[in-house]
Each structure stands twice: as C-alpha cells, then as structure tokens.
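**Q** Have a look at the structure that comes next, please.
Readers should treat all values here as calculations from the given coordinates under stated rules, not as data from a laboratory. This structure is a prediction, so every number in the text was calculated from the model and none was measured. All Cβ positions, glycine included, derive from the backbone under ideal geometry; neighbour counts span all protein chains shown.
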Ligand SMILES: *Cc1c(COP(=O)(O)O)cnc(C)c1O
C-alpha cells in the first residue's frame, strides 16, 4: 500500500512524473537542456495564458521559498517601498526576506487566519507611499484564500504593484494576470502542479523586471540574471535537470487533465468530500469552507485527540496529514487535496478518519 501525502507539498506523484525523473543524463550547457528549459517556460506561461511578449516564466533550482526570495529581492527598485500584508506564516516570511534584504518595508500584520479586507488595505496604502505590496494568495497556515480580486482593485486605485506568493495556489486558483496590477508571482513545482521538489519559478512582468535591472541585492536570487540567461537558452547556475524533467511531465499531465479549471474542480471535490466526513464526526473547521482555498483546509483538533495520536493513527492507515504551525499547532490539523490521489484513496481516507475519530 502506498502512503498518500495530504501535507501541502511535496505531493504524491503520478507514475509518469516518477518515471520522468530517470530521464537521460544531461549537461545544462547542451542544446537539449535549452529545449527542456524552454518547454517548461512556455508551459508555465500557458497555465494562466500569459502572453509571452509581456510575461516571462523564470525557472530556478530551489524550494518555493527560493522563488519568493528571488522575486522580492529582484523586483523592487532601490527607491521602492513595500507593504508586506500578512495573515499567516508565509506572509511573515516575506516580511523577513524583505527586511534581511535591506528593502524599505512596513507590515500590515493581522492575526493568523484573519481576513484582509479592502478597507484595511486601502487605509494602510493611503497612509504612506508604497510602490508594492507583498501578499500571499493562499495562506497555507490556515487555508485562507486571500481575496486578491478586491485587493487588486485597491492596489490599482493607489498605484501599487503586487508581488504574489502563489506557491500554494498557482495552477488551481484564479489569478488574473491580465487585470490585476501584478508584477510577479512566485510558485513551485511540487504543489498544485504535481511536480517534485527542486524546481521553483517566478512569473514576471517583463517591463517590471526591466525597471529593476540595476538592483543588486543577491547573486543566486537575481531574477534579471536568470531572465537574460534564459532568454538566450542558458542558465546562470546549474539547474536540477531531473526535476525539470519531472515538472515537464507534470505540466503535460496537467494540461491533458483539463488545466487549471479541472484542477480546481478536482481539489474542490476532494476537499468537500473530506470536509463532509469530518463534519459528520463533529470536527469543526478553523475557517468557513467558502473562505478557504480548494487546496487545503484547516480543522480544529477534537478534545478527544491530540495531533500526534491522530497523525500516527492515520499514518498507520497510509495517510500523512499535517500539523498546525506556531500557535495553531495545538489547535488544528490540516489536510491538503493536492497530488496524484485516486477517488478510491479519498474513500479510504474518509473511512480511516471515521475509524480513528470515532475510536
Ligand atoms: C509551501 C509554501 C511556500 C514555500 O515553502 P518551501 O518549503 O520553501 O517550498 C511558500 N509560500 C506558501 C504559501 C507555501 O504554501
């Protein structure tokens, strides 16, 4: 019996993606590598139909945080000023990256799980002259899907550009690259796209990056260096070739399955089936389903079970769930719907939850 990962990445792999990892040895200075890298860049833009004249997908080797760090360190001009808008762990991480990178920033830090309302954002942006906001789309800490549509309107009104952490939403939730004032969105192979950890990427507006081309905050995380090299079929540093193969295959499977709308439906169906079973068992949600992403929901631990016992009982039945972070660690557990999971696996999970939580 294979173990099913219900943590928010890495995800359970399809057989095709696993096989792709054993592709041929390849030097990253050979034309075959350029073909592979170009295919990835083209397919990543296609996930949200971003036109290639205005947008670039920049691929790099690292975890999701590498892409977020590269985005923040590369996209803010020296005279820029960033409002870091936070309601969870990953928002806080962006603030830390900005501060350590010496970027002028302030934070709008809300309680974890709180809603970032347009009014709050408007007030914060009006109080000061910000060039950018840094914001997480799906805050994986709590499962909250921040309502970027309404917040994008506030940004447009105040002439503020958006830098998005889309790591746990890219490929499954709606992102309007056309209408929202997005300069860049960072994401990773091994969440909604079902690749393996090791490849991360940033979708950047070419114009925005060119306006920050004199920024020199980092060597490895310099997106302009990547962009220039990749537009010429190269790469500034060795890339993780095998995880590129895997992402290429994962993207083919993504499009074959119907793309982003299909993935949203699939995750939503899984999450509502799981949520229904937990509701029947008297388990409460941390947030209402309609405020949560389709990717992951957080549930309150029942009085009868601590996290370790629940985790271990489910692991013995072949399922890995995920703990809460920080102050939420004693209060919630999380279940994600990402990955190559069969309908039958979801049914077995529901039975495992019944067996465990009724016991
Ligand atoms: C997973 C995740 C990240 C990146 O985590 P890594 O461990 O670096 O891959 C960043 N932001 C969000 C919202 C995430 O869910």
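**Q** Report the residue, chosen from 281, 21, 349, that carries the largest GNM mean-square fluctuation when the chain is represented by alpha-carbon nodes joined by springs under 10 Å.
**A** In this elastic network of the chain, the residue with the biggest mean-square fluctuation among 281, 21, 349 is 281.
**Q** Still on this structure: Roughly how many whole Å is it from the C-alpha centroid of the stretch 256-296 to that of the stretch 1-17?
**A** 17
**Q** Also, quick follow-up: Once the piece of chain linking residue 159 and residue 123 is laid out straight, how much longer is it, given 0.36 nm per residue of separation minus the C-alpha distance between them?
**A** Going from the current span to full extension adds 11.6 nm.
**Q** Could I have the simple spin-label model distance between residue 238 and residue 255, label points 7 Å from Cα toward Cβ, reported in nm to one decimal?
**A** For the pair residue 238/residue 255, the computed spacing is 3.0 nm.
**Q** Still on this structure: Go through 152-158, 209-215, 334-340 and give me the packing order, highest mean Cβ count within 10 Å leading.
**A** Going from most to least packed, we get 334-340, 152-158, 209-215.
**Q** Looking at the chain as a GNM with Cα springs under 10 Å, which of 189, 67, 229 has the largest mean-square fluctuation?
**A** Result: 229 has the largest fluctuation of those listed.
**Q** Run the Debye formula on the Cα coordinates of the stretch 128-204, all scatterers equal and no solvent, and tell me log10 I(q)/I(0) at q = 0.22, 0.23 1/Å.
**A** -0.99, -1.06
**Q** Sorting check: for 86-96, 109-119, 194-204, which peptide has the highest mean count of neighbouring beta carbons within 10 Å, and how do the rest follow?
**A** 194-204, 86-96, 109-119
**Q** Let me ask something additional. For labels at residue 284 and residue 316 in the simple 7 Å Cα→Cβ model, what's the distance in nm?
**A** 2.9
**Q** A further question on this structure: If you take every DSSP beta bridge fully contained in the stretch 14-166, what fraction is antiparallel? Give it as a percent rounded to 5.
**A** 10
**Q** Report the gain in length on full extension from residue 331 to residue 220: 0.36 nm times residue separation, minus Cα-Cα distance, nm rounded to one decimal.
**A** Extending this stretch completely gives an extra 36.2 nm.
**Q** Could you tell me which of rounded, prolate or oblate describes the stretch 123-260, using a ≥ b ≥ c as the square roots of the eigenvalues of the alpha-carbon gyration tensor, with rounded for a/c under 1.5 and, failing that, prolate when a/b is larger than b/c and oblate otherwise?
**A** Since a/c reaches 1.5 but b/c is at least a/b, the shape of the stretch 123-260 is classed as oblate.
**Q** With a Förster radius of 30 Å, plug the Cβ-Cβ distance of residue 231 and residue 291 into 1/(1 + (r/R0)^6) and report the FRET value to the nearest 0.05.
**A** 0.15
**Q** Something else now. Which FRET efficiency value, to the nearest 0.05, do you get for residue 343 and residue 22 by plugging their Cβ-Cβ distance into 1/(1 + (r/R0)^6) with R0 = 45 Å?
**A** Approximately 0.95, to the nearest 0.05.
**Q** I need the shape label for the chain. Rule: rounded when a/c is under 1.5, else prolate if a/b > b/c, else oblate, with a, b, c from the alpha carbon gyration tensor.
**A** Verdict is oblate for the chain.
**Q** Using the Cα gyration tensor of the stretch 1-89, with a ≥ b ≥ c the square roots of its eigenvalues, what is the shape: rounded (a/c below 1.5), prolate (a/b larger than b/c) or oblate (neither)?
**A** Verdict is oblate for the stretch 1-89.
**Q** Here is a follow-up. Between the stretch 109-131 and the stretch 164-182, what's the alpha-carbon centroid distance in Å?
**A** Comparing the Cα centres of the stretch 109-131 and the stretch 164-182, I get a distance of 19 Å.
**Q** Taking the Cα centroid of the stretch 185-245 and of the stretch 306-359, what is the distance between the two, rounded to the nearest whole Å?
**A** When both Cα centres are located, 34 Å separates them.
**Q** Pulled fully out, how much extra length does the chain show between residue 81 and residue 268, if you take 0.36 nm times their separation in residues and subtract their Cα-Cα distance?
**A** My answer for the length gained is 63.6 nm.
**Q** Sticking with this one: Could you check which residue among 308, 262, 225 shows the biggest mean-square fluctuation in a GNM of the chain with a 10 Å Cα cutoff?
**A** Among 308, 262, 225, the largest mean-square fluctuation in the Gaussian network model of the chain belongs to 308.
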